Amino acid sequence: MHYGHALRFGALTDRTELIEELGYDLAMVPEWTSLSFLAGRTGRIQLAGGVLDVTERNAAVIGRSAAGLDLLTGGRVALVLGTSGEAAGLAEAVDVIRAIWDPSAPRADYEGVHHRLSAAETGPAPAHAVPIWVAGDDLAVLEVAGRKADGWVASFDPERAECVRVGNKIVDEAAVAAGRDPREIRRVLVVTGEVPASVLDDGVSTVVVRTDDAAALERFARETVPALRAAAPAGLSDRPVRPASALARRRGGIDYDGVPESLAADAIEPGDPAYPRVRSNYLRGGAPGLLLFPRDPAQVVDALAFARRHPTLPLGVRSGGHGVSGRSTNDGGIVIDLRHLNAIEVLDEATRRVRIGPGARWKEVAAALRPHGWAIGSGDYGGVGVGGLATAGGIGFLSRKHGLTIDKLRAVEIVLADGSLVRADDTENPDLFWAVRGAGANFGIVTSFEFEADEVTDVGWAQLVLDASDQAGFLRRFGEVAARTPRDTTAFLIMGPPRRGQPAVAQIMAMVDSADPDVIIEQLQPFAGVSGLYQQQVVVTAYADVMASAPDGDHHGQGEPVARSAFVREITPAFAQAAADMLASGAVFFFQIRSVGGAVADVPAGATAYAHRDAVFQVTAMGIDDKRLDRIWETNREHFDGLYLSFETGLGKLADAFPPATLARLRDLKRHYDPANVFRDNFNIRDAK
Ligand SMILES: Cc1cc2nc3c(=O)[nH]c(=O)nc-3n(C[C@H](O)[C@H](O)[C@H](O)COP(=O)(O)OP(=O)(O)OC[C@H]3O[C@@H](n4cnc5c(N)ncnc54)[C@H](O)[C@@H]3O)c2cc1C
């Protein structure tokens, strides 16, 4: 008899580094308190504490600390619970812990006999669906395992070997009585010394050896594990077994059972506990039918092959989830989420060459490069992902001095529509490399980016709040100052609509790429003089500190984002007035101007698919109602010259996003690299005819 789970091997020991090296899958560390310390010395192995007695500890506290550890370890924790008291208390503890982990409700109430929660704040939610295993061999504990747990942990007694089989039967019956599939429950056996292969016939799928002795641990890994593997039945897999309630929430048209083996364990479906945390983006609510989380380029290839078997479904490619058009999630389709491809490596110190995975966030990149005295200019928000920004442009606070993010890109590795993984740089697939720098989303899934970082010491960082009662006048003066300023200084402006009874203000954020206070003050002074200054904060700080302010956490965007974007060459009085009118119209709740030019304009327009090199400003407006915003935006078209697709939600506006020659070349390349139009869900180049 077996329950279909792939075989796993663990040790009950605190020698976590050794057993990770020996290839074990699981470390059960006897002392829960030392688990976080030992976890920090490992990078792969699954981690569980010894049995936590829920009569001695507060269940909510157990839940929170397990979630914290799971976040710290990137989703490697399993929780083992037991009781020296009543099994009913154990069942309640499982409920309480799951309630604390549930991100869908900010507070939780629970009225049990042994455990209570009264409007308790929920969270943190763990990084993955932490399995709760229940340990013990009392009849009532076995029933709790069957009714509620993800695993049952038994201790092997050679004198009573039949206990495993008998225990499993009780667990199974309790599971069925509770409407569950017994295969939802992993069977874990802790052994001391030898273990007969017959335990596999009793349904055991995780064998944990209890010893601290290095020689015994090595012997188990070298002799027992291969012997048990050889005796294991065929057809075992890591594919999770979902309860009927989860299966009922599956979306139509997806071959869920055909998800490749390499991706099945991490895949998330609508009925899974982790789904609310991954369904949406920063700005857009989503309801995908399936999310796949590849861990390396080969798994990206698998994920894409699977997605291609569903040609009529939307396909989202997600790195950091901050896409303004929101196309990295969808409704009923497939999402390939690249968060695990987030490595940041220095390839060559002398040339400042670094390789970065698409799932890394720009604040992580900034923090990793800081000790080297380097930075790669990104956007203004450290939470944005590398993948989306570095395939579209990257207008940031270092742009006027160092260029766009894509100007620092030297090579990519990309999975193409046909499933091939290729490199693109100036010599290898140069046309693809050209296209990726501005229209990457149409050509494949970038699995790594190689950049040449810039030497950036501390920078001057200013946040100014100014009087903008005369919005048009303010914009005009800001435009004059920003266009004149030397290229070591890049300024962004944010404005909202005027509000009755409140002073109209504007916020200027500016970075000076210099650590010299005199230079910083000299460059910022003209901005402070644009109008009356309400508030100012100027610091000399690391670029990484400016990026660091973005919080961590899941995305809970809702609805459809509505944004328009344009480039302008000059903030003329007519444009300034048009912008003020737009703000007064009520159609716009957020208005931003970013200065570009400088080093961005040093790059010839034809050098990358991002072609609007001669723009001096990039303008963004966000609204609630797409039609209303579009109407007023279009009346101002005469002022605009193209658009930056990273801030646009009008997916059809390709003729604005790319000048004619660029678009024609992109269409040719699209026909070559993606003839079946697999990558179509974000500013689809082929469709716009
Ligand atoms: C708060 C905020 C601040 C921002 N500030 C700036 C800024 O200052 N400057 C700036 O230039 N932009 C800025 N942006 C826009 C941002 O650069 C883009 O939205 C970018 O696409 C987000 O990247 P992501 O990986 O987080 O997004 P995702 O939503 O994960 O991806 C966005 C799109 O990029 C494509 N994509 C993602 N990963 C890959 C990949 N590996 N290979 C191929 N295609 C891929 C997909 O089509 C996807 O729909 C900001 C956005 C937000 C929400």
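Please get the size of the charge dipole for region 539-641, origin at its Cα centre, with Cβ charges of +1 on Lys and Arg and -1 on Asp and Glu, quoted in debye to the nearest 20.
On the way: 8 positive and 14 negative charges, 46 e Å.
For region 539-641, the charge dipole is close to 220 debye.
Using the alpha-carbon centroid of each, what span in Å lies between region 297-365 and region 227-279?
Measuring centre to centre over Cα atoms gives 21 Å.
Can you report the principal axis dimensions of region 350-455 using only the alpha carbons, biggest first, rounded to whole angstrom?
38, 28, 23
Between Gly323, Asn682, Ala274, whose Cα lies farthest towards the positive end of the dipole of the chain when Lys and Arg beta carbons carry +1 and Asp and Glu beta carbons carry -1, centred on the Cα centre?
After comparing all options, I get Asn682.
State, to one decimal in nm, how far the label point of Asp581 lies from the label point of Ser198, with both points 7 Å from Cα in the Cβ direction.
Inter-label distance under the simple model: 8.9 nm.
Output the pairs from Lys363/Lys401; Lys401/Lys627; Lys408/Lys627 with a Cα-Cα distance over 29 Å in this structure; if there are none, say none.
On the way: Lys363/Lys401 19 Å; Lys401/Lys627 37 Å; Lys408/Lys627 37 Å.
Beyond 29 Å between Cα atoms: Lys401/Lys627; Lys408/Lys627.
For region 177-192 and region 383-427, write down the distance between their C-alpha centroids in whole Å.
Spelled out, the Cα-based centre of one part sits 46 Å from the other.
Rounded to the nearest 20 Debye, what is the dipole magnitude of region 244-337 about its Cα centre when Lys and Arg each give +1 and Asp and Glu each give -1 at the C-beta?
With only Lys, Arg, Asp and Glu charged at Cβ, the dipole is about 380 debye.
Can you tell me the Rg and the Dmax, both Å, for the Cα atoms in region 77-210?
Spelled out, the Cα radius of gyration and Dmax of region 77-210 are 15.8, 49 Å.
Report the relative contact order of the chain, percent, no decimals, based on alpha-carbon pairs under 8 angstrom and at least 6 residues apart. The partial results should precede the final answer.
Working: 1572 pairs, mean separation 68.0, N = 689.
Here the relative contact order equals 10 percent.
With charges set only on the Cβ (+1 for Lys and Arg, -1 for Asp and Glu), what does the dipole of the chain come to about its Cα centre, in debye to the nearest 20? Let's see the in-between values first.
Values: 71 positive and 90 negative charges, 403 e Å.
So the magnitude is around 1940 debye.
When N is the residue count of region 178-283, what does its C-alpha Rg come to as a fraction of 2.2 N^0.38 Å? Spell out each step's value before the answer.
Details: Rg = 18.3 Å, N = 106, 2.2 N^0.38 = 12.9 Å.
Working it through for region 178-283, the quotient is 1.41.
For region 127-169, what is the per residue volume of the convex hull drawn over the alpha-carbon atoms, in cubic angstrom?
Numbers: hull volume 3.0 nm³, N = 43.
Output value, Cα hull per residue: 70 Å³.
Cβ neighbours within 10 Å, averaged per peptide: list 239-249, 405-415 in order, most packed at the top. Could the numbers behind the result be given before it?
Numbers: 239-249: 14.8, 405-415: 23.2.
Result, highest mean Cβ count within 10 Å first: 405-415, 239-249.
By how many nm would the segment from Glu455 to Ser245 grow when fully extended, if each residue of separation counts as 0.36 nm and the alpha-carbon distance is taken off? Don't jump to the answer; show the numbers that get you there.
On the way: separation 210, 0.36 × 210 = 75.60 nm, distance 5.42 nm.
Going from the current span to full extension adds 70.2 nm.
Round to a whole angstrom and tell me the spacing of the C-alpha centers of region 522-547 and region 1-69.
One Cα centre to the other: 48 Å.
List the GluC sites (Glu not before Pro) within region 288-374 that fall in a DSSP loop (any state other than H, G, I, E or B) and whose Cβ has at most 11 other Cβ atoms within 10 Å. The partial results should precede the final answer.
On the way: sites: Glu345, Glu349, Glu364; in loops: Glu349.
Here the sparse-neighbourhood loop sites are Glu349.
Please report the projected area of region 1-133's Cα convex hull averaged over all directions, in nm². Intermediate results must be reported in sequence, preceding the final value.
Numbers: hull surface 35.5 nm².
Spelled out: convex hull of the Cα atoms, projected over all directions, averaged, 8.9 nm².
Within region 1-99, report the GluC sites (Glu not before Pro) that DSSP leaves as loop and that have at most 11 other Cβ atoms within 10 Å. All intermediate terms of the calculation are to be shown ahead of the outcome.
Values: sites: Glu17, Glu20, Glu21, Glu31, Glu56, Glu86, Glu92; in loops: Glu31, Glu56, Glu86.
Sparse-neighbourhood loop GluC sites (Glu not before Pro): Glu31, Glu56.
When each pair of different Cα atoms in the chain is counted once in the 1/r mean, what is the Kirkwood radius in angstroms, to one decimal? Could the numbers behind the result be given before it?
On the way: mean 1/r = 0.0363 Å⁻¹.
Taking the inverse mean of 1/r over all distinct Cα pairs, the chain comes out at 27.6 Å.
At 25 °C and 0.890 mPa s, grab the translational diffusion coefficient of region 555-594 from Stokes-Einstein with a Kirkwood Rh over Cα pairs, rounded to a whole number in µm² per second. Walk me through the numbers before you get to the answer.
Numbers: Rh = 12.1 Å.
My calculation gives 203 µm²/s for D.
In terms of the ratio Rg/(2.2 N^0.38 Å) built on C-alpha atoms, what value belongs to region 582-689?
Values: Rg = 15.3 Å, N = 108, 2.2 N^0.38 = 13.0 Å.
Relative to the rule-of-thumb radius for its length, region 582-689 sits at 1.17.
In a solvent-free Debye calculation with one equal scatterer on each Cα, what is log10 I(q)/I(0) for region 8-231 at q = 0.17 Å⁻¹, listed in the order of the q values?
One equal scatterer on each Cα of region 8-231 leads to -1.24.
When DSSP beta bridges are limited to those with both residues in the chain, what percentage is antiparallel, rounded to the nearest 5?
On the way: 67 of 107 bridges.
Looking only at bridges with both residues in the chain, the antiparallel portion is about 65 percent.
How would you classify region 244-337 from its alpha-carbon gyration tensor, with a ≥ b ≥ c the square roots of the eigenvalues: rounded for a/c under 1.5, else prolate if a/b is greater than b/c, otherwise oblate?
Values: a/c = 1.43, a/b = 1.10, b/c = 1.30.
Rounded, since a/c falls under 1.5.
If r is the Cβ-Cβ distance from Ala287 to Ala483 and R0 is 60 Å, what FRET efficiency results, to the nearest 0.05? Display every interim value, and only then the final one.
Values: r = 44 Å, r/R0 = 0.74.
Taking R0 as 60 Å, the efficiency between Ala287 and Ala483 is 0.85.
Bear in mind that the values in this text are calculations on the coordinates, not laboratory data. Bear in mind the structure is a predicted one, so any value in this text is a computation, not a measurement. Reconstructed Cβ throughout: ideal geometry from the backbone, glycine too, with neighbour counts over all protein chains shown.
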